[in-house]
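Novice: Supplied in C-alpha cells, the structure appears directly below.
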Amino acid sequence: MKAAIWVLSATMLFSACKSKHPSSLNPGKKSTATNVDFATKNGKTKKGKKGAAPTAAEPEGFAVMPYKSQVVGPNLVFVEGGRFTMGALEEDVMNSRDNRERTVSVQSFYMDETEITNLNYLEYLHYVQRDSSAEVVARTLPDTTVWYDPLSFNDSYVTYYFRHPGFRMYPVVGVSWVQANDYSIWRTNFVNASLAKQATGKPKKASLGKKKKGQAMAESEALMSSARPTVESGYVLPNYRLPTEAEWEYAAKAMIGTQYADENQSNQRIYPWDGSSLRNPRGKHKGEMMANFKRAKGDYAGIAGRSNDGAIITEEVYKYPANDFGLYNMAGNVNEWVYDVYRPLSSMDFKDLNPLRRDGYLDEEKRYDVKGYNSVINDKLRVYKGGSWNDVAYWLSPGTRRFLSQDSSTAMIGFRCAMISTGRNK
C-alpha cells in the first residue's frame, strides 16, 4: 500500500511539474495576450461555421504557422555557442600583438562543413551567366591568374585548376572578399527560392524523364522567380554570409571536444585538434599530417611514395579529418575570408558577446597615415584566417590572423559560409 501511495504521489508531482507554458515550437491555440484563437490549426486557415469563409462579422484571426525547427540549409553543420578564449595561443613570432587573449561568448550558429569548392562556384556562375550582363559576369569570375608566377611553372593551374573535372572538389581560390560576399547573397536567394517552391505545394523535384526543349531552363527560371514566403512562415532561411572572426575562431578551436564535466575543459588548443603536434597521434593514420601546409622551405608535402600530407598545392575538401564540430580543413588547405574589417586594436576595443568589427568605429582609418605611406590600415582591409598549403605551421593556429584588401585575391585564400541559428542554443 505504501509503495502504491509513493508511486501515485510521484506521478501527481511529475504531472504538476510538467510545463504547460507555450513555446516557440508550440505557441498554443490561443493568444496569451488576448485569449483570441489563432487563425491556423494544423497548418490550415480556420473557416467560419459549416466551412463558410470568414465574414466581416467574423474576421479571420492572426495567423500562426506551424513550426518544428529551423530548416538546416545544405552543407551546414550546427555549432553550439559558448564561451571561449579568443586570441593567439602560440608565441607572437610576428610581433603583431593584434590578437591578444580575451574571453568572449558566441551565440550558436551554422557553418559550412567544407570550404566552397570549384564545383559550387561553377554552379553559381552558371546561373549568373544566364541572368546577368557581361559586366556582372566578369566581376563574378575568379582570378585564375593568381596561380601564375614568373619563377614557377604553374601555368597549368591557371588553365585547369578552376574548370577541369579533376579539381571539382578542391576549394575555389582567386576569389576576393567582395566576390565571396556576393556568392553568399546569391546562395541565400537561390536556396530560399527552392524552399518557396516547396511551401507553395509545387513538386519538390522535377521529373527525371526526358524534358522538352527549354523545359529545364524554364523550370530553373520559375524556381528563382518563386514568390518568397514571409519570415513568419518558417520556410525562409536566414542569410548565408561570411562568418565573423569570432565565430570562425570559435568553430576552428572546437573546444567542445576538450570538455569533460561541469564546464571544465581538460586542455586549451593551439590547433583545431589536441596537442602541440601536427601529426595524427593514434589509429591506422598515426603519424600522418592533420592538415595540408608547407612543412619547411621547399617542402610542401614530403617525398614520393611517402608524401605525408598528400598535397603539394590544395587538396579535396574532405581529405583531412574533421574537427570536433564536424568541420573540415579549419587549418590548412586554404585560408578563409571572414566578415571583419581588420584593425590592429581589435583585441582592445570589442564587445564580449558576438564580437564583430564591421568598420573603423573607435579606431577610424583617419588615425592611420595612409596618405603618407606610413600605414595601410583602412576600412577595406578584411581578415583572413586558417593557414594554407603555402603557409608554415604557425598560421594554422586559429588565433593567428592576417589581412588583405577586400578586392584582392590569391591562390591561398578561399571561403565558407555561416548562418545564425534561430531559437535554440543546442
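Readers should treat all values here as calculations from the given coordinates under stated rules, not as data from a laboratory. Computed from a predicted structure; not experimentally measured. Cβ: placed from backbone, ideal geometry, glycine included. Neighbour counts: every protein chain shown.
Novice: What trypsin sites (Lys or Arg not before Pro) does the range 300-384 have in DSSP loop regions with at most 11 other beta carbons within 10 Å?
Specialist: Lys351, Arg358, Lys371
Novice: Which FRET efficiency value, to the nearest 0.05, do you get for Thr34 and Tyr361 by plugging their Cβ-Cβ distance into 1/(1 + (r/R0)^6) with R0 = 45 Å?
Specialist: 0.60
Novice: For the range 289-374, which GluC sites (Glu not before Pro) are both in a DSSP coil and crowded by at most 13 other Cβ atoms within 10 Å?
Specialist: Loop-located and lightly packed - Glu364.
Novice: Under a 5 Å amide H to amide H cut-off, with H placed in plane at 1.01 Å, what residues pair with Tyr339 once short-range neighbours are removed?
Specialist: Thr244, Glu245
Novice: Just to check I understand the Karplus step: with θ = phi - 60° and J = 6.51 cos²θ - 1.76 cosθ + 1.60, what whole-Hz values come out for the range 326-331, glycine and proline as x?
Specialist: So the Karplus estimates, Gly and Pro as x, are x, 9, 9, 6, 7, 9 Hz.
Novice: Going through the range 87-170, which GluC sites (Glu not before Pro) have at most 13 other Cβ atoms within 10 Å and a DSSP loop state?
Specialist: Glu91, Glu101
Novice: Could you calculate the contour length gain from Asn189 to His164, that is, 0.36 nm times the residue separation minus the distance between their Cα atoms, to one decimal place in nm?
Specialist: In short, 6.3 nm is gained.
Novice: I would also like to ask the following. With each label point set 7 Å from Cα along the Cα-Cβ vector, what nm distance links Tyr318 and Leu25?
Specialist: Result for the modelled spin labels: 2.9 nm.
Novice: For Phe403, list long-range residues whose amide hydrogen, built 1.01 Å from N in the peptide plane, is under 5 Å from its own amide hydrogen.
Specialist: Tyr384
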